[in-house]
Each structure stands twice: as C-alpha cells, then as structure tokens.
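Data block below; observations after.
The values are calculated or read from the model by the stated rules, or taken from the named source; none is laboratory data. Please read these numbers as outputs of a predicted model, since none were measured by experiment. Heads up, the Cβs are rebuilt from the backbone with ideal geometry, glycines too, and the neighbour counts pull from every protein chain shown. Surface areas here come from the heavy atoms of the whole protein model, side chains and all, with no ligands, DNA or RNA. Shrake-Rupley method; radii C 1.70, N 1.55, O 1.52, S 1.80 Å.
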Amino acid sequence: MLEKIDELLVEVQNFRSSAKDEIEQFRIRFNGKKGVLNDFFERFKEVPNEQKRDFGQKINSLKQAVNAKLEELKPSSQSQIIVEKEDLTRPAFPLELGSRHPINLVKNKIIDIFKSIGFAVADGPEIEDDWHNFTALNLPEYHPARDMQDTFFIEQNPDVLLRTHTSSVQIRYMENNEPPMRILAPGRVFRNEAVSSRSHCIFHQIEGLYIDENVSFADLKQTIQFFTTELFGKSKIRMRPSYFPFTEPSAEVDVYWGLNSETDYRITKGTGWLEIMGCGMVDPAVLKNVNIDPDKFSGYAFGMGIERIVMLLYQMSDIRMFFENDIRMLEQFKTL
Ligand code: PHE
C-alpha cells in the first residue's frame, strides 16, 4: 500500500491542467467524500500498529501535495504564473498615433505661407445672415449671381443660412477693424450641390483679403505667384478675366502644372494648366458697405477650395474620401 501512495504522489505532482473541469475532477478524485484520501484514512484502522507511523506520514504528504496542487491551479494563481513568464524587459506595444486630416495639413501649409508675408487668420460663424453672406458683398436680393451659390436656408425673411463662402468673414472683419489689414479666412462652407467625385455639399475654403493705401492688381498677382511657388513649386501662372460681384476686375488663376507625365495630361486635360482660385480687386461698393473710404483705400481678395488643392497635391480622385474618414486613407498622412 505504501508503494501505491508513492505512485499517487508522483501523479499528483505531475498533474497539470488549466481546464476547470479537469481540475474539479482531480479534486473530487483525491479530496472528495469517496476520494482517494478518505479511502486511505478509512483503511488506516486496518494497518498493523508497527506500520501506522510510516503510513500516516505518507498519507499526510499525499494530502499536502493534493492541496498544494489545487492551490497552484486556482485561476488567480494561474494568472500569476503567466505574468511571471512574461518578459517584462520587452519594449511595449507601440501606441497608434493619430494623424492630421489632409484638409488640415494643407490648410496649415497655406496659412504658414501667407503668415510669412504678414497675413493673420480671422474667424466667423458658419450660420450667417443675408447681409454678411450676400448683400454687403455687392450681391443684393434678386441678383442673378446668387444662383451661382445654391444656398441652404435655415430661415427666411429675414434670411438665416449656411454660409456659401468665407467671404462673409471678410465683411465681419472689415466692419470691426481699420485698414491696413491682411487676413486669411479658412473654414467650412455649404452649397446645395449634388454630391459627386468632384463636388460636395460641404467643403472648405480659404480666402484672403488685403486692404491698404495704393494696393494694386500687380500686388495681387505677385502675392499669388509667391504662393504657388511656395506651395506647388510652380511659379508660372496666368490670370483669366472672370466675374465676381465683390471684385472688379476679377480673375481666375491657373497655375502651369506642366505636361511631364500621364497624370499631368489627365488632370490638366492635356493643357498643362490647372485652375486653382478666384480673385480680384475689392469692389468699391463693398468697401462703402463696411465704411471704408474707397477713395483712400483699395485692396485685393482671393479665394480657393482646400479640397481641390489637396486633391492636386496628393493626386486624389474623389472628394467624398475627405468625409468618409476611412482609416486606410487617413493613415497615409501620418508622416506628413
Ligand atoms: N467667394 C468666391 C467663391 O466662393 C471666391 C472669391 C473670393 C473670389 C475672393 C474672388 C475674391 O466662389
């Protein structure tokens, strides 16, 4: 019988399991009412007196081994074992860093370029009234040019609307400040346009305004040329006559992109030129609306869509990508 106990002792010591039911079976087999240990204690009576001492010691050591094993296999002590096996000197898992949205990256680049020549950033509300979005900008009620910016109205008479451009910020700034002034107005704008790969009902603009004595069209052209050189590395631009109610004369600016690759051919439709912004000399009527003397001061304004610039810089083909927030797209801007 002593040998049998020795065998069981080895079996207990070698028992390994992390399965709950196996551990429970083990406990019942040894510690249960009709288990191995109780069976030995029962039989203790029958053991001849001279063997009782050895036998008692053996059973006790088996009992201790069983209890130690059950303790070792308890769930909490198990996790301790796992922790001890971990290599605590191993470097931690790297934290996933977020990235700036491409719109913000490019917006900040544009702001930096204009900051270096003295422009400050101005802000204004996205919900506007008729005066700041239209009328003060020389777009009176019933003016056909209002149709160019199909508008989301929140209320009518008096009109409350989502701004269709950030020119409204320029009006607010001119109302509250004295020339000379050089500002940029970046922000979200809203137009009731069908969503497609090239247009969206929400997009971002950045507009600029410079008012001072003797500001000329030459200043405007040189500033834009400086900007395209800094942002795109391209200094060849052309200005095509255009129309905006708030500028006179007005122009569209094209930058010469070149025709060096398939992509250049595709995005410039084979011309080499890309349209990047609208601009012009601030109409004297606008200056009058904000109580700036047009005989003393003049100025220029320009405005561009940020999405369009981002799409050019990073060769993106679908404007909807900016609003989907697909991590696979956003991640690619991590290192920029
Ligand atoms: N506000 C014009 C637009 O949204 C852009 C622009 C700004 C044009 C300033 C000229 C001068 O279309």
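One table, with the values for the structure above:
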item	result
Strands (runs of 3 or more DSSP E) within region 105-224 that include 2 or more residues charged (D, E, K, R) and within 16 Å of the ligand (Cβ to nearest atom)	181-190
First in region 191-218 and in contact (Cβ under 8 Å) with a residue 40 or more places away in the chain and of a type in the set (S, T, Y), second anywhere and within 11 Å of the ligand (Cβ to nearest atom) and open to solvent by less than 40 Å² (accessible area, probe 1.4 Å), Cβ under 6 Å, 6 or more apart	Y210/G299; Y210/Y300
Residue count for region 274-289, restricted to those that are crowded, with 18+ Cβ neighbours inside 10 Å and either outside the structural domain of N133 (by TED's automatic domain parsing) or away from the ligand (no atom under 14 Å from the Cβ) (or both)	2
S77 being of a type outside the set (D, E, K, R), outside any helix (DSSP H, G or I) and either at pLDDT below 90 or loosely packed, with under 11 Cβ neighbours inside 10 Å (or both)	no
Residue in region 191-204 that is of a type outside the set (V, I, T) and open to solvent by less than 20 Å² (accessible area, probe 1.4 Å) present	no
Among the candidates I319, I309, I292, residue that is closer than 18 Å to P186 by Cβ, in a loop (DSSP other than H, G, I, E, B) and modelled with pLDDT of 90 or more	I319
Pairs, first under 27 Å from S216 (Cβ atoms) in region 298-310, second more than 13 Å from the ligand (Cβ to nearest atom) and among the hydroxyl-bearing types (S, T, Y), C-beta under 8 Å, six or more apart	S298/S216
From E248, E252, E331, residue being within 16 Å of the ligand (Cβ to nearest atom), open to solvent by 50 Å² or more (accessible area, probe 1.4 Å) and not in a loop (DSSP other than H, G, I, E, B)	E248
Cβ-Cβ under 6 Å pairs, at least 6 apart or on other chains, region 134-152 side open to solvent by 60 Å² or more (accessible area, probe 1.4 Å), far side among the aromatic types (F, W, Y)	F152/F190
Check on I267, away from the ligand (no atom under 12 Å from the Cβ) and touching a residue at least 40 places away in the same chain (Cβ under 8 Å)	yes
